[in-house]
Amino acid sequence: MNKYTIRAFGITKDIIGQRQLVVETAVHTVEGLKVVLLEKYPALSELRSLVVAVNNQYADDHQVLKSEDEIALIPPVSGG
């Protein structure tokens, strides 16, 4: 099992209900982790987009994760 620290920002923090959580799972890609999070927090699927950063670097769905990676969930930002 891999252990990932998830940091949530903006609306993702509201959906998850906390700013940070630890997820233990067998998945090892950003895409796999998104699936796990969507199963646990279905409201995340309502977001127009969701950017993921791994260890402070933007990541695509195919990026391989390592246990203890820090994952940031960055929701769409709007403003004027």
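For region 46-63, name all the residues that are at pLDDT 95 or above and small (G, A, S).
A53, A59
Just to be sure I understand, how many residues within region 24-80 are assigned to a strand (DSSP E or B), closer than 12 Å to T5 by Cα and free of Cβ contacts under 8 Å to residues at least 40 places away in the same chain? Working first, answer last.
Just the residues of region 24-80 that are assigned to a strand (DSSP E or B), to begin with: 24-25, 29, 51-54, 57-59, 64, 70-74.
Narrowing the set further to residues that are closer than 12 Å to T5 by Cα leaves 24-25, 53-54, 70-73.
Filter again for free of Cβ contacts under 8 Å to residues at least 40 places away in the same chain, leaving 24-25, 53-54.
Qualifying residue count, region 24-80: 4.
Any residue that is at pLDDT below 95 and in contact with a helix residue (DSSP H, G or I) (Cβ under 8 Å, 6 or more places away or on another chain) - is there at least one of those in region 29-44? Before you say what the answer is, go through the steps one by one.
First pass over region 29-44, keeping only residues at pLDDT below 95: none.
Scanning region 29-44, I find no residue that is at pLDDT below 95 and in contact with a helix residue (DSSP H, G or I) (Cβ under 8 Å, 6 or more places away or on another chain), so the answer is no.
I'm checking my understanding of the structure. Among residues of region 1-15 that are touching a residue at least 40 places away in the same chain (Cβ under 8 Å) and of a type in the set (V, I, T), which one is surrounded by the fewest Cβ atoms within 10 Å (Cβ to Cβ)?
Among them, the one singled out is T5.
Identify the single condition in (1) touching a Lys or Arg at 6+ places or on another chain (Cβ under 9 Å); (2) crowded, with 16+ Cβ neighbours inside 10 Å; (3) aliphatic (A, V, I, L, M) that V22 does not satisfy, given that it satisfies every other one.
(2)
The values are calculated or read from the model by the stated rules, or taken from the named source; none is laboratory data. This structure is a prediction, so every number in the text was calculated from the model and none was measured. Ideal geometry is used to build each Cβ from the backbone, glycine not excepted, and the neighbour counts take in all protein chains shown.
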